[in-house]
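Following: one structure in structure tokens, then a few remarks.
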Amino acid sequence: AAGVIQSPRHLIKEKRETATLKCYPIPRHDTVYWYQQGPGQDPQFLISFYEKMQSDKGSIPDRFSAQQFSDYHSELNMSSLELGDSALYFCASSSRRAKNIQYFGAGTRLSVL
Amino acid sequence: GQQLNQSPQSMFIQEGEDVSMNCTSSSIFNTWLWYKQDPGEGPVLLIALYKAGELTSNGRLTAQFGITRKDSFLNISASIPSDVGIYFCAGQGISGSRLTFGEGTQLTVNP
């Protein structure tokens with residue numbers, strides 16, 4: 001079965017640069033979620049979208065923005081990167097017709113040097 | 001905000017032993033989920049619980065949704081080396097809303 005696809009898997013950036021992370025949800029899933037996981041920590045919710053509209057917002061810095069496109073894929077844009085932004089970024093998707101269980105992608109490991 | 005306390009933080013067991021871990025919350029959740037995460041990978045869903053008191057099994061895994069809706073436990077029976085990894089509980093309020101994760105339990109299984 002198709003899973004959540006994230007790209008790139010690894011990304012290395014310098015401080016103050018920008019980064020764009022992409023997420024392709026499971027087909028026919030209508031909701032996308034973004035989480036950030038620091039080293040040795042649990043995933044922390046950033047933001048979510050349902051049917052291309054922002055549905056919830058967590059502890060996402062103002063330097064970050066995200067959107068969901070007409071084909072339901074989502075992008076997380078990160079600007080003015082800081083060393084503390086180094087983390088694993090996960091996308092998850094769900095479907096209201098399937099009890100909204102969240103299935104996670106393999107993640108993007110962002111390293112800010 | 002909501003917080004989940006997961007224990008134990010780590011466990012070192014022998015192959016074949018049973019394992020138990022639990023999560024408690026100060027708030028009520030409508031859904032409890034258990035995920036397993038391997039290093040550098042995304043969390044993989046193990047079990048989902050939807051009703052207070054619900055007891056659900058998935059192979060050697062058994063999980064329960066506490067009656068108060070503020071806690072859940074996961075049991076793994078007859079552990080094997082591939083059970084190694086980090087186990088996270090996660091609570092969800094309204095369906096479709098964000099997940100709140102516990103701190104994780106690092107499981108090590110010695111052959």
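The values are calculated or read from the model by the stated rules, or taken from the named source; none is laboratory data. Every value quoted in this text rests on a predicted model; they were computed, and no experiment measured them. As a convention, Cβ positions derive from the backbone with ideal geometry for all residues, glycine included, and neighbour counts pool all protein chains shown. Protein only, heavy atoms only, side chains kept; ligands, DNA and RNA dropped before computing areas. Shrake-Rupley method; radii C 1.70, N 1.55, O 1.52, S 1.80 Å.
Normalised by residue number, the volume inside the convex hull of the Cα atoms of segment A:28-104 is 88 Å³ per residue. Considering only alpha-carbon pairs that sit under 8 angstrom and 6 or more positions apart, the relative contact order computed for chain A is 37 percent.
The listed residues A:82, B:54 rank as A:82, B:54 when sorted by accessible area, largest first, using a 1.4 Å probe. Evaluated on segment A:1-71, the Kirkwood hydrodynamic radius is 13.7 Å, with distances taken between all distinct Cα atoms. Leaving ligands and nucleic acids aside, the A/B contact buries around 1700 square angstrom of accessible area in total at a 1.4 Å probe radius. Taking the convex hull of the alpha carbon positions in chain B and averaging its projected area over all directions gives 6.5 nm². Put a dot 7 Å past the Cα of residue A:113, heading toward its Cβ, do the same for residue A:69, and the two dots end up 2.9 nm apart.
Quick one: if the Förster radius is 45 Å, what FRET efficiency do residue B:54 and residue A:14 give, using the C-beta to C-beta distance and rounding to 0.05? Before the final figure, lay out the partial values.
Values: r = 49 Å, r/R0 = 1.09.
Efficiency at R0 = 45 Å is approximately 0.35.
A quarter of the convex hull surface defined by the alpha-carbon atoms of the protein assembly as shown gives 12.1 nm² as the mean projection.
From the P(r) of segment B:38-82, could you give the percentage of C-alpha pairs in the tail past 17 Å?
Working: 420 of 990 pairs.
Roughly 42 percent, once rounded to a whole number.
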